[in-house]
1. Please verify whether the range A:353-371 includes one or more residues that are outside any helix (DSSP H, G or I), more than 25 Å from A:M120 (Cβ to Cβ), in contact with a strand residue (DSSP E or B) (Cβ under 8 Å, 6 or more places away or on another chain) and touching a residue at least 40 places away in the same chain (Cβ under 8 Å).
2. Give just the number: which of (1) within 30 Å of A:Y61 (Cβ to Cβ); (2) without any contact (Cβ under 8 Å) to a residue 60 or more places away in the chain; (3) within 16 Å of the chain's Cα centre (by Cα) does A:D234 not satisfy?
3. Of B:I144, B:I89, B:I133, B:I118, which residue is buried (at least 16 other Cβ atoms within 10 Å of the Cβ), away from chain A (no Cβ under 12 Å) and within 30 Å of B:D183 (Cβ to Cβ)?
4. Against the condition part of a helix (DSSP H, G or I) and surrounded by 19 or more Cβ atoms within 10 Å (Cβ to Cβ), how does A:M120 come out, does it pass?
5. How many residues does the range B:97-106 contain that are crowded, with 22+ Cβ neighbours inside 10 Å and either within 10 Å of another protein chain (Cβ to nearest Cβ) or among the small types (G, A, S) (or both)?
6. Can you pull out every residue in the range A:49-62 that is within 18 Å of A:M315 (Cβ to Cβ) and away from chain B (no Cβ under 14 Å)?
7. Under the condition of being in a helix (DSSP H, G or I) and closer than 24 Å to A:K331 by Cβ, which residue from the range A:81-95 is nearest to the other protein chains (Cβ to nearest Cβ)?
8. Looking at the range A:140-152 only, could you name the residues that are within 17 Å of the chain's Cα centre (by Cα) and either crowded, with 21+ Cβ neighbours inside 10 Å or free of Cβ contacts under 8 Å to residues at least 12 places away in the same chain (or both)?
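Read-outs: derived from the displayed coordinates by stated rules, not from any lab. Values in this document were obtained by computation on a predicted structure and should not be read as measured data. Note that each Cβ is placed from the backbone with ideal geometry, even for glycine, and that neighbours are counted across all protein chains shown.
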Amino acid sequence: MEKILTDRMRINIGPQHPSTHGVMRMIVDLDGETVENVETVIGYLHRGMEKMAETSTYIQYLPIVDRIDYLSGFFCSYAYVNGIELLMDIEISEKSKYIRTITMELNRMASHLLWLGCFMMDLGASSPFFYTFIEREKILDIFENLTGNRMMYNYYTFGGVKRDIDKENLYAIKKFSDEFVFALKDLEELINYNPIFISRTKNLGILEKECAYAYSITGVNLRASGIKKDLRKDKPYLIYENIEFNVPISENKDVQARYILRIKELKESNKIVQQCIDWLLTNLNNKNIITDVKPLTLKPEGIAISEVESSRGLMQCIIYADGTLNPYRIKWRTPSFYNVQIINEISKGYLLSDLIAIFGSLDIIMPEVDR
Amino acid sequence: MIKIREVDLFENLKRKFDIRIENCPRMFLDKGNELNSVQKDMKCIVKREYSAFDEHLTDDTELKCDTELNHIKPDIYLLRVKKEDIRQILRYLKNSEEYFFERLDCMVCCDRKKDLEIMYLLQSDKYNVKCGIRVEIDKKENQIATVSDIFSNANLEEREIYDLFGIKFINHPDLKRIFMPEDFVGHPLRKDFIIQRLN
C-alpha cells in the first residue's frame, strides 16, 4: 500500500473539555492522526490549599481538606488527621478505626464507580454511566445519613470520628454491599466482552515498569504494570492487618488492565466492607468513638509524614508544625500530580482518539493535581 | 543471648560524602523482637542512642530558630547533606544495590525564615523503608542543581517549587510557573509574601 502523505499539526485540547475531568489543557503535536508529543498545562484549579493552611488553625483547616480530592474526601481527611495524631501521640479507639476503614473503602468504591462511568462515556458508551451512578448514589445516600454531607464530609476529627454509626446505617451498608455483588456482575457482563470496548482498550497506552518507577506512579496504574505495591499491605495502617483481602495485579500494562484492576478492586473493597460490618454489628454497644484532645488549642511540634492508599494511589500529607496554633507548612503529595506527567510517555505513537482513552484510564482528577 | 551488632547503615555513604545523620530509627536485637527479613537485609541496627544524636545536633545551636524542626514521625532515616553533593548522593542512593532508593516520593520545600530547605523523600520498595534527605539553600544564592534527569517526576516538582518558593534549578529543561499565572509577581509560599485583599 502506498504511504499516505500526512501533515504535521498542533492542536489544543481543553481547558474546558468534557474528557479532561476538570480544567486541564493539552497541547498535542500530531503527525496526521498520530500523537507525537503531548504537553500538559495545569494550574487552572489552583486554590492555594497549602497557603491556606499557614493562615488558619489546625481545626479551621480540617473542613477545607476534603476539597483537595472531592471524589474521595475521606482519604484526604484521614491523611491530615492522622498526621496530627502522629505528632500529638493520640491513640484512637478500635471502633473509630473500624468506622474510618469502612467509610474509606466505601469512598474508594464510589470513586471507582464514578471513574468507570466517565471512562465509558469517554469511549462513547453512555449507558454504563447510568448503571454506575445508580450504585454510587446508594453510597452517597449512606454517607449523607452518616455524616450529613454527600461529598465534603468533614467527618473525621482529631482523635476519632464525629458521629457514631448506628444500627440503621449498618443495615443500609449491609444491604448495599450484598446487592452490589450482583450489580457489578451486570456491569461486567455489559462491558467486558464488548468487542468495541476491547478493540479500543487492548494493547493501548503501555506503561512499562521502569517508566512507572521513574515517574513515581502509585496505585492501580502501578499495579497494572505488574508491581505489587499497596500501602495497605506493605505498611498496614488502621485495621488492615486483621482483614483478609487481596491486592490484584496484572502484567498486561495497558488500558484494559487498568480497567480490570479497578473492577477487581471494587470487589476487594466490598469484601473489606463486609468484614467491617460484621465487627461493627457485634460491637454496637461500644460507644467509644472519640478521644478527647481539645482540638481548639492543639500545638503539635515536629514533622509528620502521614500516608494513605487513596483510590488513585499513594497520598501523603507532610506537616511541619512549630509548636504554635497554626501549621508552619503543609505539603500534599497527591497521586494525580504524578499520573499527569506520564501522559506524554505513554500516548506517543497512538491515535488522537486513543489519547482520550489513555488519559481516562489513568483516573486523573484535576483538583488533586492543582490543589 | 544475641549481641547487638553495631552496624552503621550509611557507613559507605559517609566515607564518600559529607553528610550528617539527623534521625535514625532505633531497632534492637536483644529486646525479644525478632528482626524481620527487611531489617536483616538493611543491617540497620543503630550505632548510637538518641542522646548521642542530640549531642551531635547541638553543634550549631546558635543557628536554631523557631522553625528548626528535627523530630520526625514516623521514624525514618533523615540525612542532612550539602547542596553541592545532592546530585551525586541521590544517584548513589538510587543505583547502588546497598540502598536501592529507586523512587522519589516527593520533594518538600519549606521556608525556614533564615534559609530555604528542600527535603527529598526517597522510598525503597525493595526494603520498604523511607529516607529523607534535607538540603539547606541560602536565600541570597537561591539556586540548586536539578535532579530531574535522575528522577523524572522531579521535573514538575521542581517547577512547583520554583513557582511557589522562587528557587531556581540549574539545568532544568523547562523552568516556568506551573500553578500561578505567568505574569504573577512574587512567590506565594514564602513567609515574606504579603497576602493582599483583591477587591
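1. Yes: the range A:353-371 contains one or more residues that are outside any helix (DSSP H, G or I), more than 25 Å from A:M120 (Cβ to Cβ), in contact with a strand residue (DSSP E or B) (Cβ under 8 Å, 6 or more places away or on another chain) and touching a residue at least 40 places away in the same chain (Cβ under 8 Å).
2. (3)
3. B:I144
4. Yes.
5. Selection size over the range B:97-106: 4.
6. Selection gives A:Y61, A:L62.
7. Among those residues, the one meeting the criterion is A:L86.
8. A:F143, A:R150
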